[in-house]
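The values are calculated or read from the model by the stated rules, or taken from the named source; none is laboratory data. This is a predicted model, so every value here is computed, not measured. Virtual Cβ from ideal backbone geometry, glycine too; neighbours counted across all protein chains shown. Protein only, heavy atoms only, side chains kept; ligands, DNA and RNA dropped before computing areas. Shrake-Rupley method; radii C 1.70, N 1.55, O 1.52, S 1.80 Å.
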Amino acid sequence: MAMIEVSGLHRSFGENHVLRGVDLAVEEGTTTVILGSSGSGKSVLMKHMIGLLTPDRGTVRVDGEEIQGLSEHGLARVRRKFGMVFQSAALFDSLNVFDNVAFPLVERGGLPRREIADRVHEKLDVVGLRGIDDRYPEEMSGGMRKRVALARALALDPKIVLYDEPTTGLDPIATEYVDEMIVSAQERVGVTSVVISHDIGSAFAIADRCAVLHEGAVVAEGTPAELRESRQPFVRRFLALWYQRR
Amino acid sequence: MNDDLGPPGAIASAAHEAREAVVSVGSSTLRLVEEIGGMAELFVQAIVWTLRPPWRIRLLFEQLDFVGVGSIFVVGITGLFTGMVFAVQTYHAFSMFDATGLVGATVALALARELAPVFAGLMVTARVGSTMATELGSMRVTEQIDALATMAVSPLQYLVAPRVVATIVMMPVLTLLFDGVGIAGAYTVAVFGQGVSAASFLSRIRTWVDPQDIEGGLIKAAVFGLLIAIIACYKGFHARGGAKGVGRATNEAVVMASVVVLVSDYFLSVLLSPFWTLHTHGLR
Ligand SMILES: Nc1ncnc2c1ncn2[C@@H]1O[C@H](COP(=O)(O)OP(=O)(O)OP(=O)(O)O)[C@@H](O)[C@H]1O
Ligand SMILES: [Mg+2]
């Protein structure tokens with residue numbers, strides 16, 4: 001069964017018709033990478049998956065449940081299945097690193113302080129950040145913030161993780177590290193991941209399936225191998241440019 | 001022929017401009033109506049979320065501290081000088097008909113009913129309302145509010161409810177402070193500066209100022225607190241468009257809240273007047 005199922009999704013901002021009938025299914029326990037040019041609506045699509053934006057038309061189902069028209073309470077329940085890394089990191093700038101990562105743990109409640117601290121440090125270790133508990137977001141580089149955001153999204157070991165450009169702004173070593181992290185989360189605990197990426201190389205390395213968003217719709221979808229063979233003109237252009245650069 | 005009316009192009013463009021003007025007045029009216037509706041809804045939501053667990057006491061105390069304790073200095077200073085200048089002016093006026101003993105009572109009445117709640121409201125708008133709008137606005141444009149929501153935490157409960165409650169609670173407290181400091185300032189000017197007798201200053205206050213006068217002022221203050229916090233949170237919550245958008249939200253929040261404090265003061269005074277006049281003895 002598809003963990004996330006988007007069908008016939010339309011969304012405009014004023015005159016700007018961004019999503020024009022998106023269909024996409026993300027299977028449980030897989031990693032799906034969304035590719036597409038800047039401004040094609042990847043982030044907008046991702047925000048629909050977690051109910052931050054509501055569609056003009058079409059539906060989003062999570063774990064078999066349609067999320068439009070859910071009550072505040074129902075939506076919160078669905079959101080507890082998710083972790084999300086925002087493109088902008090979106091760390092709470094009034095909280096230090098420790099409190100940012102601890103936030104979802106504290107809010108869920110029921111965990112003793114000791115255990116929260118252990119978990120926070122475990123997650124920060126995973127993203128390679130030690131000894132910066134007391135720093136505030138404004139005192140960190142963009143790449144560090146991104147990694148704190150990753151730790152925060154993973155703090156509750158969610159079933160589904162949405163990554164909006166998790167490696168943009170990271171150096172090649174950190175990128176490799178984050179890619180491995182995404183893959184290992186999937187392999188170890190069967191996490192369902194949706195990743196937005198501009199880096200086709202790392203996309204192909206981590207993806208079970210890729211979807212290419214262009215002019216408001218998914219124009220190609222399949223395994224990395226299938227995508228390489230795609231005859232779709234936009235996909236060919238998109239990939240050709242990348243091969244040239246290498 | 002055409003000369004009388006100007007060239008046809010000019011007529012068309014004038015008509016176009018007129019139409020544009022009507023449309024823009026219409027759309028900004030519409031926007032205002034929509035905003036007021038949104039603020040009313042935010043108010044209801046804030047109440048609902050305040051009553052619903054979990055109660056984050058720490059957040060409420062942070063806001064009580066920021067709104068209340070943090071405003072003591074500005075409200076104290078404005079209260080002191082308002083009382084002093086009012087004493088100077090009433091002394092001059094009353095000395096013309098030999099009634100300088102009434103300075104204390106006049107200042108106290110004006111402070112209790114009008115000056116303290118309104119001026120405290122304006123100072124809280126400037127200090128607290130602007131901060132709330134900026135804070136929530138920058139959290140909105142940097143997606144921190146969205147991030148809260150993805151963690152199944154209601155931004156209304158986490159951000160708006162404690163701010164609204166704290167401002168409603170603290171405005172009357174600050175108003176009381178304004179009353180006290182203002183009267184002390186008036187006392188200093190009148191008794192030490194102008195030689196009004198301390199006994200008549202105080203006894204006239206006792207006979208002319210009723211608890212209802214002060215209570216009415218505190219009711220006003222609580223209403224102002226509600227309005228200021230709702231306006232500031234609404235503007236911040238709906239900010240968009242980067243740093244510029246946050247600046248615009250703050251600016252609009254401060255202007256709107258200041259105007260609303262003054263306008264609603266009139267209507268609250270009208271509403272409170274039976275409560276006040278019934279209990280006023282003296283003068284007549
Ligand atoms: N809240 C919003 N209000 C108005 N327009 C928006 C909003 N969010 C996105 N858009 C518009 O939707 C379009 C798609 O934006 P989106 O952020 O999804 O692009 P993207 O594919 O993620 O691009 P990038 O790779 O640069 O992050 C853009 O034209 C953007 O201007
Ligand atoms: Mg994006």
The percentage of the accessible area of chain A (probe 1.4 Å, all protein chains present) made up of carbon and sulfur atoms, to the nearest whole number, is 47
Of A:K47/B:K235; A:K47/A:K146; A:K123/B:K235; A:K47/A:K159; A:K123/A:K146; A:K81/B:K244, which ones are farther than 25 Å apart at the Cα? A:K123/B:K235; A:K81/B:K244
Summed for both chains, how many Å² of accessible area, to the nearest 100, are buried between B and A with a 1.4 Å probe? 1500
Can you give the direction-averaged projected area of the convex hull of the alpha-carbon atoms in segment B:56-283, in nm²? 13.5
Quick one: Cα centre-to-centre distance for segment A:177-193 and segment B:102-179, in angstrom? 46
In whole angstrom, note down how far apart the Cα centers of segment A:138-159 and segment B:4-78 are. 34
For the pair A:A76 and A:R188, what calculated FRET efficiency results from E = 1/(1 + (r/R0)^6), where r is the Cβ-Cβ distance and R0 = 22 Å, to the nearest 0.05? 0.25
Around B:E135: net Lys/Arg minus Asp/Glu count, Cβ-Cβ under 14 Å: +2
Rolling a 1.4 angstrom probe over the protein chains, ignoring ligands and nucleic acids, what is the accessible area of B:S273 in square angstrom, nearest 10? 50
Taking amide hydrogens as modeled 1.01 Å from N in the peptide plane, which residues meet the under 5 Å criterion relative to A:V195, leaving out close sequence neighbours? A:T32, A:V33, A:I34, A:Y163
Given springs between every Cα pair under 10 Å in a Gaussian network model of chain A, which of A:F234, A:F103, A:F13 has the largest fluctuation? A:F13
Spacing of the two label points (7 Å from each Cα toward its C-beta) at A:R130 and A:T59, in nm: 5.0
Order by accessible surface, 1.4 Å probe, largest leading, for residues B:W208, B:W276 comes to B:W208, B:W276
For A:L70, A:L239, give the ranking by accessible area with the largest first, probe 1.4 Å. A:L70, A:L239
I'd like the FRET efficiency for A:R20 and A:Q232, computed as 1/(1 + (r/R0)^6) with the beta carbon distance as r and R0 of 22 Å, rounded to 0.05. 0.85
Nearest 5 is fine: what % of DSSP beta bridges in the protein assembly as shown come out antiparallel, could you say? 55
How far apart, in nm, are the 7 Å Cα→Cβ label points at B:L51 and B:R248? 3.6
Comparing B:A184, B:A112, B:A93, which has the greatest mean-square fluctuation in the GNM of chain B with Cα pairs linked when under 10 Å apart? B:A93
Under the definition of partner shielding as Cβ atoms of other protein chains within 10 Å of a residue Cβ, what is the mean value for peptide A:104-113? 2
Just by accessible area at a 1.4 angstrom probe, what is the order of B:Y158, A:Y136, B:Y187 from largest to smallest? A:Y136, B:Y187, B:Y158
Can you give the Rg to Rh ratio of the protein assembly as shown, both from alpha-carbon atoms, with Rh computed by the Kirkwood formula? 1.12
Please work out the Cα center distance from segment B:186-201 to segment A:86-111, rounded to the nearest Å. 57
Full extension from B:A93 to B:S203: what is 0.36 nm times the residue separation minus their Cα-Cα distance, to one decimal in nm? 37.6 nm
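Give me the extension gain from B:F73 to B:S28: residue separation times 0.36 nm, minus the current Cα-Cα distance, reported in nm with one decimal.
Working: separation 45, 0.36 × 45 = 16.20 nm, distance 3.81 nm.
Between B:F73 and B:S28, full extension yields an extra 12.4 nm.
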With θ taken as phi - 60° and the coefficients 6.51, -1.76 and 1.60, list the Karplus ³J(HN,Hα) couplings across segment A:151-165 in order, rounded to whole Hz; mark glycine and proline as x. 4, 5, 5, 8, 4, 9, 6, x, 6, 10, 10, 9, 10, 9, 6
So which residue, out of B:G26, B:G104, B:G38, gets the largest mean-square fluctuation from a GNM of chain B using Cα contacts under 10 Å as springs? B:G26
What's the long-distance tail for segment A:1-108, i.e. % of Cα pairs beyond 22 Å? 39
Can you compute 3J(HN,Hα) from phi for each residue in segment A:9-24, using the Karplus curve 6.51 cos²θ - 1.76 cosθ + 1.60 with θ = phi - 60°, rounded to whole Hz and x for Gly and Pro? 7, 10, 7, 10, 10, x, 7, 7, 7, 7, 9, 10, x, 8, 10, 7
Tell me the accessible surface of A:S71 in square angstrom (1.4 angstrom probe, heavy atoms of protein chains only), to the nearest ten. 70
Could you list the residues of segment B:56-82 with an amide nitrogen less than 18 Å from a label point located 7 Å from the Cα of B:F192 in the Cα-to-C-beta direction? B:76-82
Taking placed amide H atoms and a strict 5 Å upper bound, the residues 5 or more places from A:A220 or on another chain that come that close are A:V212
Computed on alpha carbon atoms, what radius of gyration and Dmax characterise chain A, expressed in Å? 18.0, 55
Paramagnetic reach from B:A184 in segment B:63-95 [backbone N under 19 Å; point 7 Å along Cα→Cβ]: B:68-88
Probe 1.4 Å, protein heavy atoms only - accessible area per residue of segment B:56-283 in square angstrom: 42
So how far apart, in nm, are the two label points at A:M1 and A:R245 if each is 7 Å from Cα heading toward Cβ? 4.0
Sequence order, segment A:215-229: Karplus ³J(HN,Hα) from phi using 6.51 cos²θ - 1.76 cosθ + 1.60, θ = phi - 60°, Hz rounded, Gly and Pro as x, gives 6, x, 9, 7, 8, 8, 8, x, 6, x, 4, 4, 5, 4, 8
